[in-house]
Structures are given as structure tokens and as C-alpha cells.
Amino acid sequence: MRVAVLGAGAIGAYVGAALHRGGADVHLVARGPHLAAMRQHGVRVRSPRGDFTARPRATDDPASIGPVDYVFLGLKAHAYAACGPLIAPLLHDSTAVVAAQNGIPWWYFHRHGGPHDGRRVESVDPGGAVSAVLAPERDVGCVVYAATELESPGVVRHVEGTRFSVGEPDRGRSARCLRFAEAMRAGGLKCPVEADLRDDVWLKLLGNVSLNPVSALTRATLRQMCLHDGTRAVIAAMMTETLAVAEALGCTVPVSVERRLAGAERVGDHRTSTLQDLERGRPLELDVLLAAVVELAEVTGVPVPALRTVHALSDLLARRSAAGPGGAGQ
């Protein structure tokens with residue numbers, strides 16, 4: 001099995017290292033000092049489950065790899081629409097794209113069935129720009145339950161979790177899903193093939209929709225947010241509203257708000273990916289995490305006052321951050 005990891009950052013490099021350890025022919029696409037370090041020393045994983053080093057091939061030129069069986073997409077969702085030149089050399093007729101995306105995916109209503117079948121979620125696929133580059137027919141959905149950080153170039157700190165749930169938009173158990181899951185398990189990861197991955201999308205989103213933007217606004221870790229009465233109450237309200245939107249779309253999230261908060265608190269002083277991006281001056285991945293849920297609340301008629309308030313605040317933060325020092329012009 002040939003796998004290209006496009007966007008081999010903290011999650012991408014971790015998955016690529018695991019797949020390589022399990023025997024897959026893995027090619028990492030990265031750039032800068034991180035690429036140089038992986039070429040020289042391999043991917044060094046530091047984990048409470050045991051440290052290891054893997055040496056998959058690494059490049060900044062996808063054309064040098066050629067067509068593969070799977071592209072594991074580790075890019076941030078806001079980079080999808082512009083990734084056409086990078087992903088095109090990696091595709092053949094049956095290449096599957098496994099998108100490790102947080103939040104509402106661009107394929108959400110593809111083969112969904114019911115009154116919303118085929119609907120485009122504008123917050124994540126504005127004008128169909130993402131679908132034009134990443135055809136939904138290629139997609140294998142993936143929900144990541146692993147926390148990682150890029151500790152230094154070429155060094156991934158695995159904080160917790162090894163589960164990567166996968167599934168088809170049409171809810172089938174396809175051969176391509178089963179084969180990818182087998183390769184992930186061979187590398188030491190958990191990879192269940194879910195009957196309806198949308199339930200998992202909402203389960204993961206329950207934390208991302210609330211913890212990520214609030215962490216960026218407060219600069220706080222998971223534990224700090226959960227132990228502060230005020231932020232805990234705001235997060236709980238956001239989670240409750242998110243559960244109502246999921247239910248209105250026919251999805252079941254088998255976890256209570258208090259249980260989800262307790263889980264976040266147990267992770268400890270981990271900084272969310274949104275907070276890490278803010279600290280590094282990167283674009284904030286809030287459209288798929290928060291704006292999309294507000295959009296779906298409008299579609300379903302569910303009132304979401306807490307989500308709307310935090311969306312307004314975090315949207316301004318994202319705009320000011322994108323404008324650079326001082327946030328002028330936003």
C-alpha cells in the first residue's frame with residue numbers, strides 16, 4: 001500500500017510514522033526545518049505509550065512521489081481549496097483521500113439522504129471551492145481522537161489517544177475503508193470503521209466547537225478552562241446547543257456534557273490546536289469548527305445564543321490575527 005501524507009505536521013507525521021512502522025510505503029510531504037529534520041533523523045515520536053522513530057520518505061514535491069493508493073490529508077481545512085496543485089500528482093483513478101479534518105467536513109451532506117442530501121455547507125465549502133479540488137467521491141471520512149504537538153522540527157509529542165475513526169459518506173463498509181483501517185492497526189493505532197461517521201463528527205466536534213475558540217480567546221489550557229467556573233459554564237452551554245443541532249440532523253452523540261468536560265479536564269494542560277495556531281501566527285481553523293455549526297443551526301432552526309456570541313468574538317480575533325501586529329484594517 002502506497003500512502004502520501006499531505007501536510008505532515010503533528011498529526012500527519014504521527015500517522016505517517018505509525019503506518020510506516022506497520023509496513024506501508026509512506027511518503028511525507030512537508031517543508032522547511034521540519035522537512036529537513038525528518039529527512040535527517042526520521043520522525044521521532046515521544047509518547048507515553050513508548051517512544052519510537054520511523055524513517056518514511058519525506059519531500060516537498062508531491063510530483064516526485066507520483067500516484068498513491070491513499071492520500072492522508074493533514075492540512076488545515078482552510079488550506080483545502082488551494083491544495084489542488086499539491087494533491088493532483090498523487091491521484092490515480094481510484095486514489096482515496098482520507099481527510100483528518102476537525103469540525104464539519106465539506107462532504108457532510110454528500111450521499112446523506114433525506115431533505116438535505118447534497119446540500120453545500122458554505123462555511124466549509126464556499127461556492128464549492130473545496131469540492132472542486134477534493135471530489136467527495138474520493139473521500140474516506142476520518143475523525144481524529146489523538147492529541148499531538150510538534151515539539152520541535154521532526155519531533156512529535158503524542159499527548160494522548162490513538163483512535164482514528166473512518167467511514168464512508170454513504171455509510172457503507174467499503175473495501176478501501178477496511179484496507180486503510182487494517183494498515184493503521186498494523187502501525188499500532190485504533191481505526192474502527194464506523195457505520196455512520198457523522199455521529200463521530202459531532203462527538204469530536206462537541207469539544208472542538210467550544211474548547212478551541214474559548215482557548216484562543218483566553219489563552220488557557222484544557223484544564224484551566226475546565227477548572228474556571230465562568231469558562232466552564234460557557235463551554236457547557238456551547239456543548240448543549242451543539243448537541244441540539246446534531247439531534248436536529250438525526251445524529252446521536254452518546255456522551256453527556258459533564259462527561260465530555262471531565263474528559264477534557266483529565267487531559268490536563270494541553271493547548272488546543274487553535275491556541276497553538278494563534279501563538280504561531282497561523283490562520284485559525286474556526287469556520288469548520290464554529291461557523292459551520294451556526295450555519296447548520298440556521299438550517300435546522302435551533303437557537304444557539306452561546307455559539308453565536310463566541311463565534312462573533314473569535315471571528316474578530318481571527319480577523320485581527322490574520323491582519324498581523326495591531327490587527328489594523330479589520
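Brief remarks follow.
- Which listed residue, of Ala58, Ala99, Ala135, Ala54, is touching a strand residue (DSSP E or B) at 6+ places or on another chain (Cβ under 8 Å) and at pLDDT below 95: Ala99
- Residue list for segment 10-28, filter: among the charged types (D, E, K, R) and in contact with a Gly (Cβ under 6 Å, 6 or more places away or on another chain): Arg21
- Selected residue (criterion: farthest from Leu197 (Cα to Cα)) from residues of segment 111-127 that are open to solvent by less than 40 Å² (accessible area, probe 1.4 Å) and out of contact with any Phe, Trp or Tyr (no Cβ under 9 Å at 6 or more places or on another chain): Ser123
- Positions within segment 63-79 being open to solvent by less than 20 Å² (accessible area, probe 1.4 Å) and at pLDDT below 95, in sequence order: Ala77
- Among residues of segment 21-50 that are without any contact (Cβ under 8 Å) to a residue 60 or more places away in the chain, those with a Cβ under 6 angstrom from a residue that is assigned to a helix (DSSP H, G or I), sequence gap 6+ or separate chain, pair up as Val26/Gly16; Val26/Leu19; Val26/His20; Leu28/Gly16; Val29/Pro62.
- Scanning segment 10-49 for residues that are open to solvent by 10 Å² or more (accessible area, probe 1.4 Å), over 20 Å from Glu182 (Cα atoms), modelled with pLDDT of 95 or more and part of a loop (DSSP other than H, G, I, E, B) yields a count of 3.
- Failed item in (1) over 26 Å from Pro283 (Cα atoms); (2) open to solvent by 30 Å² or more (accessible area, probe 1.4 Å), with Asp60 passing the rest: (1)
- All positions within segment 142-169 that are acidic (Asp, Glu) and without any contact (Cβ under 8 Å) to a residue 60 or more places away in the chain: Glu168
- Against the conditions (1) open to solvent by 10 Å² or more (accessible area, probe 1.4 Å); (2) in contact with a helix residue (DSSP H, G or I) (Cβ under 8 Å, 6 or more places away or on another chain); (3) not β-branched (Val, Ile, Thr), Leu296 satisfies every one except (1).
The values are calculated or read from the model by the stated rules, or taken from the named source; none is laboratory data. What you see is a predicted model, and the numbers here were worked out from it, not measured in a lab. Heads up, the Cβs are rebuilt from the backbone with ideal geometry, glycines too, and the neighbour counts pull from every protein chain shown. For the accessible areas, the whole protein counts, side chains as well, though only heavy atoms, and no ligand, DNA or RNA atoms are used. Shrake-Rupley method; radii C 1.70, N 1.55, O 1.52, S 1.80 Å.
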